[in-house]
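Here is the structure we will look at.
Read the figures in this text as sums done on the coordinates, not as results from a lab. Because the structure is predicted, anything quoted here is derived from the model rather than measured. For neighbour counting, all protein chains shown are included, and Cβ atoms are generated from backbone atoms with ideal geometry for every residue, glycine included.
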Amino acid sequence: MSSSAEAVETKEKKPTEAGNYFISNYPPFSFWSPGNKKDVEEAFQNPNDDNSKLGVYHHIPFCRKRCHFCYFRVYTDKNASEIKHYLDTTIQELEHFVKQPRIAGRKPHFVYFGGGTPSYLSGSQLTELTDRMKAVLPWDEAEEVAFEGEPGTLNPRKVKAIKDIGVTRLSLGIENFDDRILEINGRAHKAPEVYKAYDAARSEGFDQINIDLIAGMLDETEENWQRNIEETLKLRPDSVTIYQMEIPYNTTIYKEMKESGALIAPVADWQVKRRWVKEAFEALESDGYTISSGYTAVLNPEKTKFVYRDELWTGADLLGLGVASISHIAGVHYQNVNEIGQYTEAIDRGELPIHRALKTSADERMIREFLLQMKLGKVEVGYFKDKFGVDLIGRYGDELRELSDEGLLKFDDSAIELERRGLLCVDNLLFKFFLPEHVTSRIV
């Protein structure tokens with residue numbers, strides 16, 4: 001692999017090639033195996049004697065359109081009866097797990113509705129679904145209930161229903177404020193719907209409104225990116241999440257690249273994308289925001305949290321419901337099957353709908369937390385000594401010194417802190433800390 005410095009700032013442009021660069025788990029998904037179903041079953045038989053916090057993720061795989069850059073499991077062709085059957089099946093899955101020793105008697109500390117497009121569901125569908133979920137596993141003690149929304153699906157009545165079911169953080173998938181850019185990238189909503197959805201959300205008084213942007217979408221320009229920053233500052237949301245465009249293998253964009261024989265994606269190169277995020281972060285900081293990770297800025301760090309992220313990155317259990325959902329239970333990672341038919345049929349047969357899984361070692365769990373917490377920009381060395389008995393500086397001294405010499409981070413005996421240059425390319429840096437057997441060009 002090229003040096004870390006080259007990954008951040010080079011005189012030569014580093015083009016965007018196909019593949020996943022964003023590190024969301026460890027060991028990488030490509031090392032999870034279909035043959036490890038027994039490990040999942042055993043994990044649920046373990047008591048919660050480590051006092052891990054519990055989170056619930058519910059996957060709503062329905063969308064009005066499939067974005068050209070999307071690599072998640074989504075469906076655009078399901079009718080009302082098929083959607084109902086799917087939602088009923090997720091309740092059956094939940095009912096099974098709450099009876100297992102690992103989950104029994106616990107209440108979730110956080111709940112997350114992702115997709116797909118959770119706001120694709122009607123207000124009545126959402127109310128029925130969440131009432132049934134709460135009856136099985138009450139979330140009255142949850143610190144955060146997060147919900148992803150597509151602006152074009154969020155009329156005032158829908159937004160009120162989302163607030164009424166207990167959502168505390170509404171995340172709006174805006175991505176860009178330009179109709180032409182949105183259309184070219186396959187987004188279903190239009191720019192005017194962004195402002196209507198945002199105003200409706202503000203009027204409902206959510207604890208936190210987050211907006212998502214993507215730097216480097218198809219046909220994005222310098223002028224367009226600056227306008228995105230300006231419009232974001234006008235809205236002044238509680239938090240802003242900015243992702244750098246990548247082109248995973250199972251996207252429409254990659255399929256078109258493959259058909260044409262192209263090796264380079266038709267989007268901005270990495271140098272430009274990182275500069276755009278840097279400019280956005282600087283503008284947000286000038287307007288009173290605090291950068292809280294390599295992707296997020298928050299207006300009030302004392303009030304605005306990302307509980308789902310922070311608890312997962314410190315080892316919480318996550319119970320994933322629905323097709324292709326990902327779970328972490330008692331040190332075992334697993335993912336449900338990828339097709340909705342396979343998922344519902346497995347549940348109907350009384351089987352776990354598991355596609356692949358991996359039982360992690362204590363060392364792998366330590367590395368996972370270290371990698372993910374690096375994305376926050378600062379890692380407390382004492383945390384890892386106390387929890388895992390590992391001295392990060394002793395173990396990774398050579399790697400840390402190399403990155404320090406390149407101006408990407410600084411460290412001492414108490415903490416590792418990324419410089420802004422390092423934070424903007426943090427996912428590239430994390431490969432340095434993989435175990436040799438997990439170094440791969442295909443992490444999904």
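Okay, helix-only estimate at 222 nm for the chain: each DSSP H run of n ≥ 4 adds -39500 (n - 2.57), divide by all residues, round to 500 deg cm²/dmol; what do you get? Can you show the working numbers first?
On the way: 17 runs with 175 residues, N = 444.
So the calculated ellipticity at 222 nm is -11500 deg cm²/dmol.
For the stretch 34-174, what ratio Rg/Rh do Cα atoms give with a Kirkwood hydrodynamic radius?
0.98
Which residue fluctuates most in the GNM of the chain (Cα springs below 10 Å): ALA80, ALA200, ALA188?
ALA80
Per-residue HN-Hα couplings for the stretch 27-36, Karplus 6.51 cos²θ - 1.76 cosθ + 1.60 at θ = phi - 60°, whole Hz, x for Gly and Pro?
Whole-Hz 3J(HN,Hα) from phi for the stretch 27-36: x, x, 4, 5, 9, 6, 10, x, x, 10.
Can you give the FRET efficiency to the nearest 0.05 for LYS38 and THR314, using r as the Cβ-Cβ distance and R₀ = 25 Å? Could you put the intermediate results ahead of the total?
Values: r = 27 Å, r/R0 = 1.09.
In this case the efficiency is close to 0.35.
Would you work out which of THR117, THR16, VAL390 lies farthest towards the positive end of the dipole of the chain? Charges go on Cβ: Lys and Arg +1, Asp and Glu -1.
THR117
Only bridges whose two residues both fall in the stretch 33-311 count here: according to DSSP, what percent of them are antiparallel, nearest 5?
Looking only at bridges with both residues in the stretch 33-311, the antiparallel portion is about 15 percent.
Of the candidates ASN228, ASN48, ASN300, which one comes out as most mobile in a Gaussian network treatment of the chain with C-alpha springs shorter than 10 Å?
ASN300
Given a Förster distance of 60 Å, report the FRET efficiency between ASP412 and ASP131 from their Cβ-Cβ distance, rounded to the nearest 0.05.
E between ASP412 and ASP131, to the nearest 0.05, is 0.70.
Place a point 7 Å from Cα of GLU143 in the direction of its Cβ. Which residues in the stretch 79-110 have their backbone N less than 12 Å from it?
109-110
Dipole size in debye (nearest 20) for the chain around its Cα centre, Lys and Arg Cβ +1, Asp and Glu Cβ -1?
With Lys and Arg at +1 and Asp and Glu at -1, about 760 debye.
Residues with amide H under 5 Å of LEU409's amide H, sequence separation 5 or more or different chain, H placed in the peptide plane at 1.01 Å from N; which?
Hits under the 5 Å cutoff: SER404, GLU419.
Show the residues, 5+ positions off or on another chain, whose built amide H is closer than 5 Å to the amide H of VAL145.
VAL111, THR168, ARG169
Pick out, from TYR343, HIS333, ILE354, the residue whose Cα sits farthest towards the positive end of the charge dipole of the stretch 325-444, with +1 on the Cβ of Lys and Arg and -1 on the Cβ of Asp and Glu.
Selected residue: TYR343.
Tell me which of PHE411, GLN100, PHE434 sits at the most positive position along the dipole axis of the chain, charges placed on C-beta atoms (Lys, Arg +1; Asp, Glu -1).
GLN100
If I model a spin label as a point 7 Å beyond the Cα along the Cα-Cβ vector, how far apart are those points for ASN338 and LYS432 in nm?
The modelled label-to-label distance comes out at 3.3 nm.
In a Gaussian network model over the chain where Cα atoms closer than 10 Å are linked, find which of SER30, SER81, SER293 has the largest mean-square fluctuation.
The residue that fluctuates most here is SER81.
In whole Hz and in residue order, list the ³J(HN,Hα) couplings for the stretch 136-145 that follow from phi through the Karplus curve 6.51 cos²θ - 1.76 cosθ + 1.60, θ = phi - 60°; x for Gly and Pro.
8, 9, x, 10, 5, 9, 5, 6, 9, 10
Given +1 on the Cβ of Lys and Arg, -1 on the Cβ of Asp and Glu, and no further charges, what dipole in debye does the stretch 323-382 carry about its Cα centre, rounded to the nearest 20?
240 debye
Among all stretches of the chain without exposed GluC sites (Glu not before Pro) (DSSP loop, at most 13 other Cβ atoms within 10 Å), which one is longest?
Longest site-free region, per DSSP loop and neighbour criteria: 142-301.
State the extension gain, in nm to one decimal, for the chain segment bounded by GLN100 and LYS65, taking 0.36 nm per residue of separation less the distance between their alpha-carbons.
8.9 nm
Collect residues whose amide H, placed 1.01 Å from N in the peptide plane, falls under 5 Å from the amide H of GLY19; neighbours closer than 5 in sequence don't count.
Close amide H contacts, sequence-distant or interchain: ILE247, TYR249.
On the first, second and third principal axes, largest extent first, how far apart are the outermost C-alpha atoms of the stretch 357-411 in Å?
Answer, in whole Å and largest first: 37, 24, 19 Å.
Residue by residue, what Karplus-based ³J(HN,Hα) values in Hz, rounded to whole numbers, does the stretch 169-184 have, using 6.51, -1.76 and 1.60 with θ = phi - 60° and x for Gly and Pro?
Working through the residues one at a time gives 10, 9, 10, 9, x, 6, 6, 7, 9, 10, 4, 5, 5, 4, 5, 4 Hz.
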